[in-house]
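Quick notes on the structure that follows.
The values are calculated or read from the model by the stated rules, or taken from the named source; none is laboratory data. Computed from a predicted model, the values in this text were never measured in an experiment. Note: ideal-geometry Cβ built from the backbone for every residue, glycine included; neighbour counts use all protein chains shown.
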Amino acid sequence: MGSLLDTGTIRNTATGTVNARTADGETTSTVQSANVLDGLVTATVIKATAHATKNADGTFTFTGDASFATLSVAGFPKIGVDVATNTKLDVGVGTLYLNRVIRDANSIEVRAIELVLDNGDRIQVAVAHASAH
């Protein structure tokens, strides 16, 4: 097996505010380029964004998604930059998730690219997580 992952510049950000009744937070992860498993997945300007808000009435709002300038998956010519949330593909060596959004009662996590190899190992590119309590 060749290279597992090659990336360009990575930039992560986090912002948030909290007061007596509300909370708001957002994280982003931007990766300029990625090449997973020697071309199995290639992409440019990969960005994951996760946003969590605790509203004044005690309710929570969670939003998030991933975006790509370019995206290519070997063997899947119809996959492009407008990939649906929680796209799941069997790629022979494991399961590939694109624009994976995982929510629970107090948080959201967005994984732009996640490859779960058959041996259980994971390769993740551009992951953002936000929570509100």
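Please go through the range 1-26 and pick out each residue that is acidic (Asp, Glu) and within 19 Å of Ala128 (Cβ to Cβ).
Asp24, Glu26, listed by residue number.
Considering each of Val116, Val93 in turn, give the residue that is among the aliphatic types (A, V, I, L, M), free of Cβ contacts under 8 Å to residues at least 24 places away in the same chain and either farther than 24 Å from His51 by Cα or surrounded by 15 or more Cβ atoms within 10 Å (Cβ to Cβ) (or both).
Val116
Determine whether the range 55-62 contains at least one residue that is in contact (Cβ under 8 Å) with a residue 12 or more places away in the chain and touching a Leu at 6+ places or on another chain (Cβ under 6 Å).
No, there is no match, as no residue in the range 55-62 is in contact (Cβ under 8 Å) with a residue 12 or more places away in the chain and touching a Leu at 6+ places or on another chain (Cβ under 6 Å).
Scan the strands (runs of 3 or more DSSP E) fully inside the range 79-128 and keep the ones with 1 or more residues being modelled with pLDDT of 95 or more, within 11 Å of the chain's Cα centre (by Cα) and of a type in the set (Val, Ile, Thr).
Ranges flagged: 94-104, 107-117.
Find the residue count for the range 68-78, including only residues that are in contact with a strand residue (DSSP E or B) (Cβ under 6 Å, 6 or more places away or on another chain), assigned to a loop (DSSP other than H, G, I, E, B) and surrounded by fewer than 19 Cβ atoms within 10 Å (Cβ to Cβ).
Going through the range 68-78 one residue at a time, the tally reaches 1.
Residues that are of a type in the set (Lys, Arg) and exposed (fewer than 13 other Cβ atoms within 10 Å of the Cβ): list the strands (runs of 3 or more DSSP E) wholly contained in the range 1-60 that include at least 1 such residues.
10-18
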